[in-house]
Structures are given as structure tokens and as C-alpha cells.
1. For the list (1) modelled with pLDDT of 95 or more; (2) in contact with a Gly (Cβ under 7 Å, 6 or more places away or on another chain); (3) surrounded by fewer than 17 Cβ atoms within 10 Å (Cβ to Cβ), I need the number of the one condition that Arg214 fails.
2. How about the range 71-86: which of its residues are open to solvent by 40 Å² or more (accessible area, probe 1.4 Å) and farther than 15 Å from Asp58 by Cα?
3. Looking at (1) open to solvent by 20 Å² or more (accessible area, probe 1.4 Å); (2) closer than 30 Å to Leu157 by Cα; (3) of a type in the set (A, V, I, L, M, F, W, C), can you tell me which one Ala48 breaks?
4. With the requirement that a residue be at pLDDT 90 or above and surrounded by 18 or more Cβ atoms within 10 Å (Cβ to Cβ), what does the range 180-203 give you?
5. Just need a number here: residues in the range 227-250 that are among the charged types (D, E, K, R), over 11 Å from His193 (Cβ atoms) and in contact (Cβ under 8 Å) with a residue 60 or more places away in the chain.
6. Output yes when any residue across the range 116-125 is among the polar types (S, T, N, Q) and under 17 Å from the mean Cα position of the chain (by Cα), and no when none is.
7. Here are some residues: Gln168, Gln119. Which one is open to solvent by 10 Å² or more (accessible area, probe 1.4 Å), under 27 Å from Trp43 (Cβ atoms) and either in contact with a Leu (Cβ under 6 Å, 6 or more places away or on another chain) or of a type outside the set (Ser, Thr, Tyr) (or both)?
8. Regarding Asp208, is this residue open to solvent by 20 Å² or more (accessible area, probe 1.4 Å) and at pLDDT 90 or above?
Amino acid sequence: MARIVGGIGTSHVPTIGLAYDKGRQNDPAWAPLFKGYEPVAQWLREQAPDVLVMFYNDHANSFFFDCYPTFALGVSPSFEMADEGAGKRPLPDINGHPELAAHLAECLVNDEFDMTLFQDRALDHGCNSPLSLMWPHEPAWPGAIVPIEINVLQYPLPTAARCYKLGQAVRRAIESFPEDLKVAVVGTGGLSHQIHGERTGFNNPEWDDEFLRRIVDDPQSLTRLKHADFVRLGGAESVEVIMWLAMRGALDDKIKCIHQNVYLATTTAMAVAIYEQA
């Protein structure tokens, strides 16, 4: 049977990928961020998951506002990396896991989640920005990915509670998959940031710390927050953290954080954390 070995929460700021591609890992401005991902890469080497189930959002690169699904599940045998306007990143395509994806689709629909299924759509920085820091990829990635897109761009958005329940349903589906697979779940986005309007550049380190504490100790309290609460506390774009709640829903009620790094160097509080089952 498939089993979940743990979870990862991570920001997906596009400049992370750009800095990585330019070899700026040891630059003083970037070193604290990249050092924070080294324990994540080590943990993934030790756990050696076969598949990453990755909750992410597309930034209007593969899905557009004329048709932007609330929840979409990637079922392709492989995924390429999106060209977001400045050329494709120097990353190889990554394998999907169609068998697990098909099983997830069947289970989630029967669990009353009406999933959109997609193929042949590239993964943008919502996936590939943190992925390139966490998993070695020369000449190829060490495992497969099952991407689950969540709409955090075009209102109405799914609620925090709905994302948490999606994660719980994903866990049930993974644990009922008959093949012996090790799976890590990843939630991306945030933390506090706003990149438009009167509060451009807004951050709230106190809220970021509280969110990171509550996602471990009291995730149910986060599911009761409205989108307006996330926006007020963390900035307009920080509503992305509902994707962390999908990841959290896929884990045990009791978990432990074995690594956490938060770095505020640009407009976004960039965080990464590893969670293991207690």
C-alpha cells in the first residue's frame, strides 16, 4: 500500500528559481534562503519518496481566467516546465505518475470533489521554483510528481476549510492505492506578501510566525479564517497559504516540524518547513 512519509511547506517565489539558475546560492543576499533548503534536500534523499503530490497554483501560464479550475489534477506521464515569458528554465521534464493520478481522480470524485483533470500543461514557478532547490535533477529528477492545482487567483476561491478537506481526501486516496509507494505531500505559496495596490510591499512577520505555529498545533483554527482574514493579516497574495492547509490535511492530526527556515529578503516572506507524522 502507498504511504505518506511526511510533508513540506514552501514558498514558490519566482526569483528563487532565477537566483538558483544564475548560481547565486552563495551570494550574501541569497545564502540564508538556499541554506534553508539544504535540510529539505537531505530529508528527501533520506526518505527517497517515489512521488511528490504537490499542491500549487498556476499563475495564468497554463490555466487562464477564461477557464480557471478550482481544483485540477495532472494525469500526464510527464510534465514540462513553463516558459513564463523569459524562456524556459534549464530544467528537465519531470515524470508524472498516471496510475496514482488516475486512482486519486477516482477516489476524489467519489469523495465529492469535482476535479478537473489535465494533461500536456506545463508547470510554472508554482511548482518548479521550489522543486529545483529540493530535488536533484541532473540528468533527471529522482521521482515523479502528481500536481494538484488550486485556484488562489480568481475569486471565488475555495475556502481554507475546503482545501484542508481536500488534503484529507487525498490522504485517504493515497493510502488506498495498492502499489507500494512512498509519497511526500507538498504545499506551496506565501507567506505574507502583497505585490499590488496601496499595500504593495506589505509583510507581517508576526503573523507569519503565528501561522507556522498554528499549522502544526492548531490547523483547525486556520480553517475557520475567511479569505479576507488572510488578506488583512498577510497581504492580498498571502491567501496562497490555503495550499499549505491542503498539505496539512494530508498529514496526521499530530505532527512535528523537524526543520523550518523563514527569510524575508524581497517582497515575500519566503519559508520552507518539513513536517513528519508524530
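1. (2)
2. If the condition is that a residue be open to solvent by 40 Å² or more (accessible area, probe 1.4 Å) and farther than 15 Å from Asp58 by Cα, then Pro77, Ser78, Ala86 are the ones that fit.
3. (2)
4. Correct list: Leu181, Val183, Ala184, Val185, Val186, Gly187, Thr188, Gly189, Leu191.
5. Number of matching residues: 1.
6. no
7. Exactly one of Gln168, Gln119 is open to solvent by 10 Å² or more (accessible area, probe 1.4 Å), under 27 Å from Trp43 (Cβ atoms) and either in contact with a Leu (Cβ under 6 Å, 6 or more places away or on another chain) or of a type outside the set (Ser, Thr, Tyr) (or both), namely Gln168.
8. no
The values are calculated or read from the model by the stated rules, or taken from the named source; none is laboratory data. All values reported here derive from a predicted model rather than from experimental measurement. Positions of Cβ are generated from backbone atoms using ideal geometry, with glycine treated the same way; all protein chains shown enter the neighbour counts. Heavy atoms of the whole protein, side chains included, go into the accessibility calculation; ligands, DNA and RNA do not. Shrake-Rupley method; radii C 1.70, N 1.55, O 1.52, S 1.80 Å.
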